Amino acid sequence: MNGRWGVAGSFFLVAVSLAAGLHILLGDYLLFHSDPLSLSVYLSAASFVVLPMLLVLSLPLQVVSRQGKQRIRVFAAMGLAVLVATVFLMLAVSFAGTWLDVTLVKRLARHPFYLFAACLLPALGAIIARRSPREIAARTEQLGLVLFAAAIVSVFVTQVIRPDRAPGSGKHLVLMVLDGMPTQYLHRYEPTAPNGPLDQLASEGLLLTQARTSAAWTYAYFGALYSGSTRVVEAPRDEKPAVESLLGRLQRGGVAARWIAYHRNGIPEGSAAAINDYRGLRSYLLTENTAWIPRLLNLDYHMAIASVATAQNLRGTWGRAVFNWLSGGQQKYRGILTELLLPQLREQRANASDSFTLFHTGWDWLGDPAKEAQALLPAAQEIIGLADVAPGGSEKIRASDYQYGPEFEPLAAQIRRGNSLKIVDAGVHLKDFLSALADDESLRNTVVIVTSDHGSMYAKGRFWYGFHPNEEVIRVPLLIFNAGRTGQDDRLVGTLDVNASVLGFFGLSRESDSGQSLFGSNRDRASTTTLTLRSDRNKEWFLVISEPKRKYQVNLHPEGRGETVTLRLDGYDETPIAETIGPPEGKADLIAEAIRNYSIDPEGIHPALRP
């Protein structure tokens with residue numbers, strides 16, 4: 001092989017290995033879930049940046065003798081083979097440690113990159129096995145040239161001949177999931193609460209007062225939202241049903257779809273659905289400050305919001321330090337909706353006829369949390385009893401599966417007071433965002449859905465969410481703006497209806513979808529279902545079936561009593577009116593169907609409740 005071309009191939013292989021190796025060392029494995037074209041273009045572009053530096057470093061070799069160059073070539077090629085093998089072995093080791101409960105074949109089938117890596121390692125083994133050092137050098141250079149040619153082709157495809165998106169109808173939708181947003185502080189849900197800015201804003205859109213989450217924790221909620229099915233919630237990871245993701249379905253329908261999330265559980269790969277059948281570059285290092293890279297490369301992309309939760313996805317102190325450096329610090333926005341989301345919508349609108357953006361952030365993250373917390377909450381010593389329990393209080397409550405005793409009531413009271421004030425601030429930021437949309441001619445017709453993955457509570461001996469069947473947790477806000485409808489809608493709505501609404505808005509659907517679009521006239525639901533986390537400590541695992549003015553609270557835990565409590569609902573007041581061991585009369589089929597729909601193993605629940 002020509003020496004110059006051989007050197008070029010070797011240098012490119014080194015550059016690719018360094019680019020991929022950096023993400024692996026940082027723990028950014030989300031990058032390798034990108035679709036093959038986006039991943040190859042990104043790594044190729046990164047390699048083209050590294051190549052000039054490698055060439056500069058190689059300049060001293062020009063004074064080495066011909067024989068010396070040959071020896072250096074042999075040793076460098078052998079070292080290169082080791083470098084490339086090490087990078088992919090690091091990925092394989094992490095892959096095995098993270099997914100030990102998944103068979104290798106199934107995991108390889110889930111994403112083409114892993115199949116590519118699995119094929120490349122044997123190829124490297126074949127290069128090294130029973131070869132002389134000179135042959136190893138030649139074969140390694142050949143491999144580098146093959147990858148170099150593939151890189152040129154992939155970049156050419158994205159920059160020159162990649163087809164434009166199909167012409168759309170000019171529809172644009174934002175789904176805003178405000179994590180953990182409590183509805184009990186809103187006057188339109190709880191009449192005893194103050195009539196704040198968000199309540200007043202609700203009159204400008206359509207308010208659905210009886211929306212409930214399909215699952216009381218983020219991981220499961222987003223699994224149901226992305227897949228359009230609750231079957232993914234309790235299905236073992238290696239037995240997840242083969243479903244089409246919401247984003248993938250939209251993209252195949254000609255819609256530019258993007259997620260922007262502050263938490264791993266808010267993305268398709270990190271949710272209970274564990275799916276990645278959609279296009280675009282994704283990486284935990286891909287934040288507002290680095291989004292120019294995929295834009296420059298003409299790639300679809302998805303973006304992480306700079307946050308403590310996002311940084312924790314990376315490996316160790318070093319990984320988080322690199323993340324903070326690239327992102328410019330965590331949560332620096334005075335108004336994240338207008339400063340981060342709005343520019344992204346403008347960029348997406350300029351490049352797509354139809355667009356969908358899923359924006360996931362904390363409900364109390366819409367402004368500057370540190371500034372707002374300081375302004376809203378009194379010092380700990382001003383609340384009687386708080387100073388005695390606040391240190392370590394969260395850890396103690398977490399250890400009891402989010403339940404607390406009377407000694408923590410001062411802490412709960414402080415948080416309730418803070419939330420009642422923070423909900424005012426959330427309404428101000430939402431109003432500013434909607435006003436900015438109205439003032440921007442290019443964004444004026446953007447439809448906005450505001451909802452939450454679950455509520456949260458700090459009362460009745462229960463903290464946060466997840467394990468709790470209470471209305472404060474399972475009831476979520478749902479508001480639709482700019483859709484041509486206003487007023488209040490009291491029909492029962494679930495998470496799958498949000499999935500169906502997004503698809504229906506763009507004239508799409510899926511055969512397995514059991515949800516109903518909120519943009520049409522649909523029959524009233526008789527009930528909705530919610531599943532909570534399982535608490536072995538408290539022997540609780542609730543399936544909640546909600547009906548108008550009534551709900552059935554079914555304790556599935558195999559070591560519990562197998563009781564079903566029937567409660568009468570009056571806002572957030574839940575009055576028990578009956579209790580049975582096993583299903584109540586006339587509800588056995590409904591409970592059995594819900595158990596099947598959540599992929600719950602009947603052998604793993606209380607015998608009295610088994611179908």
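The values are calculated or read from the model by the stated rules, or taken from the named source; none is laboratory data. If you're wondering where the values come from, they're calculated on a predicted model, not measured in any experiment. A quick note on method: Cβ atoms are made from the backbone with ideal geometry, for glycine too, and the neighbour counts reach across all protein chains shown. To get the accessible areas, we keep the full protein, side chains included, count just its heavy atoms, and leave off ligands, DNA and RNA. Shrake-Rupley method; radii C 1.70, N 1.55, O 1.52, S 1.80 Å.
In the neighborhood of Asp601, defined by Cβ-to-Cβ distances under 11 Å, what is the net charge if each Lys or Arg adds +1 and each Asp or Glu adds -1? Please list the in-between numbers first.
On the way: positive: Arg596, Arg610; negative: Glu234, Glu239, Glu603.
Value of the local net charge: -1.
How long are the semi-axes of the equivalent ellipsoid of the stretch 264-338, defined as square roots of 5 times the Cα gyration tensor eigenvalues? Whole Å, largest first. Don't skip to the answer; put the middle values down first.
On the way: eigenvalues 76, 56, 34 Å².
Equivalent-ellipsoid dimensions as semi-axes: 19, 17, 13 Å.
Filter the cross-link list Lys171/Lys431; Lys460/Lys551; Lys396/Lys587; Lys171/Lys549 down to pairs whose alpha-carbon distance in this structure exceeds 28 Å.
Details: Lys171/Lys431 22 Å; Lys460/Lys551 18 Å; Lys396/Lys587 38 Å; Lys171/Lys549 36 Å.
Pairs exceeding the cut-off: Lys396/Lys587; Lys171/Lys549.
Kindly rank 293-302, 576-585, 209-218, 399-408 from highest to lowest mean number of other beta carbons found within 10 Å of each residue.
Numbers: 293-302: 18.5, 576-585: 13.1, 209-218: 24.3, 399-408: 16.0.
By packing density, highest mean first, the sequence is 209-218, 293-302, 399-408, 576-585.
Which value, in Å to one decimal place, does the Kirkwood hydrodynamic radius take for the stretch 465-611 when every pair of different Cα atoms is included?
Numbers: mean 1/r = 0.0602 Å⁻¹.
The answer is 16.6 Å.
Net charge near Phe467, counting Lys/Arg +1 and Asp/Glu -1 over other residues with Cβ under 12 Å of its Cβ? The partial results should precede the final answer.
On the way: positive: Arg398, Arg462, Arg534, Arg537, Lys539; negative: Asp401, Asp536, Glu540.
Once positives and negatives cancel, what remains is +2.
Considering amide H positions built from the backbone, and no H for Pro or chain starts, which residues 5 or more places from Arg550, or on another chain, come under 5 Å of its amide H?
Those qualifying (amide H under 5 Å, at least 5 residues apart or on another chain) are Leu569.
Using the reciprocal of the averaged 1/r over all distinct C-alpha pairs, how large is the Kirkwood radius of the stretch 528-611 in Å? Show your work: numbers first, answer last.
Working: mean 1/r = 0.0784 Å⁻¹.
Radius from the Kirkwood sum: 12.8 Å.
Across every pair of different alpha-carbon atoms, what Kirkwood hydrodynamic radius in Å does the stretch 402-547 reach? If you can, show how the numbers build up before the last one.
Details: mean 1/r = 0.0557 Å⁻¹.
The answer is 18.0 Å.
Suppose accessible area is computed on protein heavy atoms with a 1.4 Å probe; arrange Glu234, Glu204 from highest to lowest.
Values: Glu234 65, Glu204 110 Å².
Correct descending sequence by accessible area is Glu204, Glu234.
Give the accessible surface of the stretch 223-323 per residue, rounded to a whole number of Å², with probe radius 1.4 Å and ligands, DNA and RNA excluded. The partial results should precede the final answer.
Values: 3090 Å² over 101 residues.
Roughly 31 Å² per residue, with all protein chains present.
How large are Rg and Dmax for the stretch 183-334 when only the alpha carbon atoms are used, in Å?
18.3, 53
Would you mind giving the three semi-axes, in whole Å and largest first, of the ellipsoid equivalent to the stretch 419-477 according to its Cα gyration tensor? Could the numbers behind the result be given before it?
On the way: eigenvalues 201, 35, 7 Å².
For the stretch 419-477, the ellipsoid semi-axes come out as 32, 13, 6 Å.
Which whole number of Å³ per residue matches the convex hull of the alpha-carbon atoms in the stretch 194-283? Spell out each step's value before the answer.
On the way: hull volume 13.4 nm³, N = 90.
Per-residue hull volume (Cα only) is 149 Å³.
Which order, highest average first, do 35-41, 471-477, 253-259 follow once you tally other Cβ atoms within 10 Å for each residue and take the mean per peptide?
Details: 35-41: 20.4, 471-477: 25.1, 253-259: 22.6.
My ranking of the peptides, most packed first, is 471-477, 253-259, 35-41.
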